[in-house]
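Before any comments, here is the structure.
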Amino acid sequence: MELTSDLSKQIIKEIEMSNNFEEVVDVLKKYSQYELKGSHLGRAFEKMFIKEMGFSPSITMDELQKYHHSFYTTNGGDWCRSNQGYLGAKYNIERTRKNNRIYSIKADGFNKNTKINQSIRNDIYKSIKAKRCVILDISTNVEVDHKDGMKDDWRLNDKEMQKIEDFQPLSKTANDAKRQHCKKCLETGKRYNAKNLGYSESYTFGNEKSKTCVGCYWYDPIAFNKEISKNFEKFDK
């Protein structure tokens, strides 16, 4: 039977709305007469097997075929390739082979090699663009900045999953400075030290070598300032 665009979207929606293993299996059985695509199979595998921090047990293709025939592959595993498709773009995929066929696959943590694109949902862009720079408090030459300077949050590739909190308004001058510091961080593996700006702490979360932008001054200057100054006590002279 033909898998139309509208039906494909419906299947994705039903998989994403599933709350447990059994509910995903029911969705797969419901559409057993169709040849499902990677966008369906990847999401189904994720919901069924991937646990905290992006890891799953090793699952054989024989077992997967019990849930839907489309999991079986002879063409290199289009739905479970590394750095491709829904599953490979989000997770590190390990595949074992027997007799030149894929025997099993597993997710081995989140994929940090898939960089986000620079596309921003229009309503978010307009909202951020209308704000003042969070550092210089000016409204001229304001740019919409991705807070995540490492550019490795797979979620941001999906405009529907983008949140206004993922972005911030920075003047061109401030944004250029951030790009330089983010570039150096990626090159050296050492995060920017906010003590260089006169702050009492270098980070509000993690340390110099933490593999996350959260807690760095440049990730969210407003949040950084609030955290650093929350115990400030003013004394009148």
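What follows draws every value from the coordinates through simple rules; no lab data is involved. In this text, all values refer to a predicted model and were calculated from it rather than measured experimentally. Counting neighbours? That spans all protein chains shown, and the Cβs are built from the backbone with ideal geometry, glycine included.
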**OP:** May I ask you to sort ASP137, ASP153 by Cβ crowding, counting other Cβ atoms within 10 Å and putting the fewest first?
**Re:** ASP137, ASP153
Subject >> Proximal charge balance of PHE167 [Cβ under 9 Å; K/R count +1, D/E count -1] >> reply: -1
Original post:
Nearest 0.05, what FRET efficiency do TYR72 and LEU7 give at R0 = 22 Å with Cβ-Cβ as r?
Top reply: 0.55
Subject >> Within the stretch 206-237: backbone nitrogen closer than 12 Å to the ASN193 label point (7 Å, Cα to C-beta) >> reply: 208-209
**OP:** Mind checking which of PRO169, ILE124, ASN196 is farthest towards the positive end of the stretch 122-229's charge dipole, using Cβ charges of +1 (Lys, Arg) and -1 (Asp, Glu) about the Cα centre?
**Re:** ASN196
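So if each residue of separation counts as 0.36 nm, and I subtract the Cα-Cα distance between GLU165 and LYS112, what length gain in nm does that give?
Working: separation 53, 0.36 × 53 = 19.08 nm, distance 2.07 nm.
In short, 17.0 nm is gained.
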**OP:** Rounding to the nearest 20 debye, state how big the charge dipole of the chain is about its Cα centre with +1 on each Lys and Arg Cβ and -1 on each Asp and Glu Cβ.
**Re:** 720 debye
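Any idea what the dipole of the stretch 5-110 comes to, in debye rounded to 20, about its Cα centre with Lys/Arg Cβ at +1 and Asp/Glu Cβ at -1?
On the way: 16 positive and 14 negative charges, 64 e Å.
The calculation lands at about 300 debye.
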Original post:
Pairs LYS37/LYS151; LYS163/LYS183; LYS37/LYS106; LYS66/LYS151; LYS184/LYS226: which exceed 30 Å Cα-Cα?
Top reply: LYS66/LYS151
**OP:** Show which aspartates and glutamates lie in cross-link reach of LYS112 when reach means a straight Cα distance below 12 angstrom and same-chain residues fewer than eight apart are skipped.
**Re:** ASP152, ASP153
**OP:** Select from the stretch 1-42 those trypsin sites (Lys or Arg not before Pro) which occupy a DSSP coil region and have at most 11 other Cβ atoms within 10 Å, ordered by residue number.
**Re:** none
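Sorted by packing (mean other beta-carbon atoms within 10 Å per residue), highest first, where do 164-177, 14-27 land?
Per-residue Cβ counts within 10 Å, averaged per peptide and sorted highest first, yield 164-177, 14-27.
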Original post:
If you rank ASP145, ASP123 by fewest surrounding Cβ atoms within 10 Å, what's the result?
Top reply: ASP123, ASP145
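Test of understanding: ordering HIS69, HIS146 by Cβ neighbours within 10 Å, fewest first, what list do you get?
On the way: HIS69 14, HIS146 20.
Fewest-to-most ranking of HIS69, HIS146: HIS69, HIS146.
Once the Cα gyration tensor of the stretch 188-228 is diagonalised, what are the square roots of 5 times its eigenvalues, in whole Å and ordered largest first, as equivalent ellipsoid semi-axes? Walk me through the numbers before you get to the answer.
Details: eigenvalues 47, 25, 12 Å².
So the equivalent ellipsoid measures 15, 11, 8 Å along its semi-axes.
Write down, largest first, the equivalent ellipsoid semi-axes of the chain in whole Å, where each equals the square root of 5 times an eigenvalue of the alpha-carbon gyration tensor. Display every interim value, and only then the final one.
On the way: eigenvalues 368, 82, 50 Å².
Square roots of five times the eigenvalues give 43, 20, 16 Å.
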**OP:** Find how many whole Å separate the alpha carbon centroid of the stretch 160-180 from the alpha carbon centroid of the stretch 115-152.
**Re:** 4 Å
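Provide the three semi-axes, in whole Å and in decreasing order, of the ellipsoid equivalent to the stretch 142-237 as defined by the square roots of 5 times the Cα gyration tensor eigenvalues. Please list the in-between numbers first.
Values: eigenvalues 121, 55, 36 Å².
So the three semi-axes of the stretch 142-237 are 25, 17, 13 Å.
For the stretch 13-122, what is the convex hull volume of its Cα atoms per residue in Å³?
Values: hull volume 13.5 nm³, N = 110.
Normalising the Cα hull of the stretch 13-122 by residue number yields 123 Å³.
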